[in-house]
Amino acid sequence: MNERFGRRFVVWNGILLVVMLVTAFALDLAIWNSTGGPPAIDLNHLSTDLVRANGSSLWPIETWLYILLVIPGLTFTIGVKSVLKHPDQELLLVTAKNSMILFWIFHTLHNVVLLTVLYGAASYSPADTTQALNFESVADMLLRFSNLLFGFGTSIGALFLVFALGLFGYLTYLNKKFTNRIAFIALGASIAILLSYLQSVSGVFFALGLLGWVLFIFWVFSMTFRLAKGDLED
């Protein structure tokens, strides 16, 4: 695979990643509108949210889409690392790449576990007390594990994203072939998601996590657009 073809392949993966991210985010909003709550199961309102999930046909589709993001996501990550290559920054580049790969792995596992709960919720009925209590017990355990894997301000996976975006932002800033705007988008996303870990102080910090996710999508778009323009050869 020559360098030009490889870069074009990364661009197409970036385009696919952006389309999937935007579509998934749009489905999030549609689920919120149709079910009367966010596309997340709150452990403090487990029974209510399981009923809400049971009534949504969009929720499993949205979750499948988030699972499939890992395919273009991994390719795009490796591609970004390759175009930011610099002999003096190899350790930081490898660390940024590995951190982003770990984010994608944790994010995917989070959604796989969530999908398992959603499929189980399809037969959930609070009226069947024994079955409901048994399922709620299993769902509670699975969701706690899922939230540990990924979630703004609650998880290990989001910290990998914070670290990766921070490093990629810094490395982009050092690379004069990219505009500082792209670097600042990555750094802004990293800081916003990091601040979401203060949500126990105020709910405003959780909103910053959502802002960070939007900036992450915009960073993927900006990097893809810059790669599509070319002119990055040494």
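Each of T77, T23, T130 was scored by other Cβ atoms within 10 Å of its Cβ. Listed from fewest to most, they are T130, T23, T77.
The order of E136, E90, E62, going from fewest to most other C-beta atoms within 10 Å of their C-beta, is E90, E136, E62.
Placing unit charges on the Cβ atoms only, positive for Lys and Arg and negative for Asp and Glu, gives region 3-229 a dipole magnitude near 1280 debye about its Cα centre. Computed from Cα positions, the angle between helix 204-229 and the longest principal axis of the chain comes to roughly 40 degrees. Computed from Cα atoms, the angle from the helix 3-35 axis to the main principal axis of the chain rounds to 30 degrees. If you compute percent of Cα pairs over 27 Å apart for the structure shown, which of (i) 37; (ii) 40; (iii) 45 do you land on? Label (i) holds the value from this structure. Return the single residue from L65, L165, L17 with maximal mean-square fluctuation; model: Gaussian network over the chain, springs between Cα atoms under 10 Å. Ranking L65, L165, L17 by mean-square fluctuation puts L65 first. Compared with the alpha-carbon gap, the fully stretched path from N134 to Y173 is longer by 8.8 nm at 0.36 nm per residue. Counting every other Cβ atom within 10 Å of each residue's Cβ, K176, K85 order from fewest to most as K176, K85. Think of region 10-98 as a dipole: +1 on every Lys or Arg Cβ, -1 on every Asp or Glu Cβ, centred on the Cα centre; then among A26, L50, G36, A26 lies furthest on the positive end.
If you line up the long axis of helix 129-149 against the longest principal axis of the chain, both from Cα atoms, how many degrees apart are they, to the nearest 10? With rounding to tens, the tilt is 20 degrees.
Calculated mean residue ellipticity at 222 nm for the chain: -26500 deg cm²/dmol, from DSSP H runs with n ≥ 4 weighted as -39500 (n - 2.57), summed, divided by the residue count and rounded to 500. Couplings for region 112-123, taken from phi via the Karplus curve 6.51 cos²θ - 1.76 cosθ + 1.60 with θ = phi - 60°, read 5, 5, 4, 4, 4, 5, 5, 5, x, 5, 4, 10 Hz in order; Gly and Pro are left as x. With Cα atoms defining each centre, region 132-169 and region 26-62 are spaced 17 Å apart in the structure. With 0.36 nm allotted per residue and the present C-alpha distance subtracted, the S47-W64 stretch has 3.8 nm of extension available.
Projected label points at I78 and L29, each 7 Å from Cα along the beta carbon direction, are separated by 3.4 nanometres.
Three principal axis extents describe the C-alpha atoms of region 1-61; from largest down they are 54, 20, 15 Å.
Since every read-out is calculated from the coordinates, none of them should be taken as a lab result. Quick caveat, the model's predicted, so the values are computed rather than measured. Cβ: placed from backbone, ideal geometry, glycine included. Neighbour counts: every protein chain shown.
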